[in-house]
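Here the structure comes first, spelled out in structure tokens, and everything after it is commentary.
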Amino acid sequence: MIATRPSPRWLLRSDGTQLFLASTPLFGADQSALVTRIRALRETRAPTFVLTLNVDQLISTCTDPTLRPLVSLSDLVTIDGAPIAAVGRVLGGPATCRNTGADMLPLVAANAADQRWRIVVCGGAPGAAAAAAANLRTRHPGADVQSVSVPVLDGASDPRGAVAVEALERARPDVVFLCLGFPLQEQWFAHWRATLPDAVYVGAGAAVDFAANRVRRAPRLVQRLGAEWCWRLALEPRRLARRYLVRGPRFIGIAARSIGDRYLRGCP
């Protein structure tokens, strides 16, 4: 398991050059810079993890300290949620671009041929990973995109997870998109890290469903307006109502405390 380490209060903050969640830097640069960072992580020749931080994950880590090491010890944390990016701008962060799992999967596939990367999509409902991989190969000719099935797991340490580890070893990937949902995908990586093949692992959640055309992504204008959550709620109200309507408003308190630390208490 990932060990804990001390950190300041679990709030968003900026030092004028970088946005942080507690002591963890949040990557907010554009997609070109993101591809460069992924390439650098791959060149370490070790299993590394990219967490795509959305509002629900931020709330979860604020309310459950046992989840915080999943953020603080990730090798790269990108800004997924539009509200996080908005607070970053208020705090004076110089770069607060969103890089979601749903954007990252086609982005990496588009660069796969040039970078000589083998991409593996892992997880999702039965058949979703295979459909996503097939669609990405069609959209990006020359891209090496494969899929690995993951059995239904009873937690990250479920021995059945070894089946996926063995399949990944055979696939010899460069970038793996783990689409198991938060926090299982992060916990699964942490549990199996010592036996996983060297690759960049991205916690991508529902990205597999978008790539497989099982769920329609919000139009670009809706995404730019920061209203993608409204689109998803309209498509899947029963599954997402609690996340967005009950848990979601808790972010207001996190944002207020973060901004208060910056402007009322004079914290950097």
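The values are calculated or read from the model by the stated rules, or taken from the named source; none is laboratory data. None of the values given here were measured: they were computed from a predicted structure. So basically every Cβ, Gly included, is an ideal-geometry build from the backbone, and we count neighbours across all protein chains shown.
Just a few scattered comments:
- Subset of the range 183-209 (residues that are surrounded by fewer than 24 Cβ atoms within 10 Å (Cβ to Cβ), in a helix (DSSP H, G or I) and within 14 Å of the chain's Cα centre (by Cα)): 184, 187
- Pair list, Cβ under 6 Å, 6 or more apart: the range 108-122 residue under 15 Å from residue 198 (Cβ atoms) and part of a strand (DSSP E or B), other residue at pLDDT 95 or above and polar (S, T, N, Q): 120/146
- Scanning the range 127-149 for residues that are assigned to a strand (DSSP E or B) and closer than 10 Å to residue 109 by Cβ yields a count of 2.
- Every residue from the range 167-181 that is surrounded by fewer than 20 Cβ atoms within 10 Å (Cβ to Cβ) and touching a helix residue (DSSP H, G or I) at 6+ places or on another chain (Cβ under 9 Å): 169
- For residue 199: the one exception among (1) over 22 Å from residue 241 (Cα atoms); (2) modelled with pLDDT under 95: (2)
- Residue match in the range 88-103 (condition: more than 25 Å from residue 149 (Cα to Cα), β-branched (Val, Ile, Thr), surrounded by 20 or more Cβ atoms within 10 Å (Cβ to Cβ) and more than 11 Å from the chain's Cα centre (by Cα)): yes
- Answer residue from the range 114-126, given it is at pLDDT below 95 and either on the phi > 0 side of the Ramachandran plot or touching a strand residue (DSSP E or B) at 6+ places or on another chain (Cβ under 8 Å) (or both) and is surrounded by the fewest Cβ atoms within 10 Å (Cβ to Cβ) among those: 123
- Only one entry of 35, 50 meets the criterion of being touching a strand residue (DSSP E or B) at 6+ places or on another chain (Cβ under 9 Å) and over 17 Å from residue 82 (Cα atoms), and that entry is 50.
- A single member of 55, 50 is touching a helix residue (DSSP H, G or I) at 6+ places or on another chain (Cβ under 9 Å), surrounded by 23 or more Cβ atoms within 10 Å (Cβ to Cβ) and either closer than 30 Å to residue 198 by Cβ or in contact (Cβ under 8 Å) with a residue 40 or more places away in the chain (or both), and it is 50.
- Taking every residue in the range 232-257 that is surrounded by 11 or more Cβ atoms within 10 Å (Cβ to Cβ) and pairing it with any residue that is part of a helix (DSSP H, G or I) and charged (D, E, K, R), at least 6 positions away or on another chain, the pairs with Cβ-Cβ distances below 8 Å are 240/232; 243/56; 244/232; 247/56; 248/56.
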